[in-house]
Every structure is written in C-alpha cells, then in structure tokens.
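Notes for the one structure printed next.
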C-alpha cells in the first residue's frame, strides 16, 4: 500500500494515513488524561457516623457495605448507588453518605466508600 494515499475525512480535510493516525492518537491521549483527572480522591470535610438500624439489630446483621457517591463540584452528594452489602445495611449506609460533604472541586467525582456495620455492644 502506498503510504502517501490520502483520505478524505468527514470534515473535508485531506490527510495521509500517518497524519490521521497521529490525530487519532492525540484524541486518545486527551481522553485518557481527562479520565485520569476524575479518579483523584477528594478530601472529606464532614462525615457523620452511620447509625446502626434497629431492624438490623433484631436480625443480628453485621457486615460491610460498598457505595458509590456522585459528588457535585460544591462537595455535596448528588446521588448514591449501593454496590454491595445487605439491603438493610445498604439503605442505612446510603442515608448516611447523603449527609457527607467533600471539599469543593472543579468537576463532579465518584467516590467509592466502604462502611462497616456491627451491632452496638
């Protein structure tokens, strides 16, 4: 194949295969950089302790709950998704995390949280 073959792009520019490949690699680098920025952990400013649910006490439940919090740029929680754990404990964990606050940032972020529940003594 002739490396000088030119391709007509969708926006009307004429590019060689090599030039097109360089443009594509540039876009992938930008996308990878943007995804990397979103994975930076934000500092918690306020995080009240989770309350052990009364129903969990009567069922003698204990365990770990994993949740994902979507945090707004101002640090407040926009949404919580329960990723694992008993449903009774998961609801208590979600209610608690909705009250938490993170430091402000320039963009939304997803924060992975684990909360361990054990019966009060």
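Things to note:
- Rough spin-label spacing in nm, given labels placed 7 Å along Cα→Cβ, for residue 118 and residue 60: 1.6 nm
- A crude spin-label estimate for the pair residue 108 and residue 49, with each label 7 Å from Cα along the Cβ direction, gives 3.3 nm.
- Fully extended contour minus Cα-Cα distance, from residue 81 to residue 99, at 0.36 nm per residue: 5.1 nm
- Over region 44-117, relative contact order from alpha-carbon pairs under 8 Å, at least 6 apart, %: 44 percent
Throughout, read-outs are computed from the coordinates displayed, never taken from laboratory work. Everything quoted here is computed from the prediction, not taken from an experiment. Ideal geometry is used to build each Cβ from the backbone, glycine not excepted, and the neighbour counts take in all protein chains shown.
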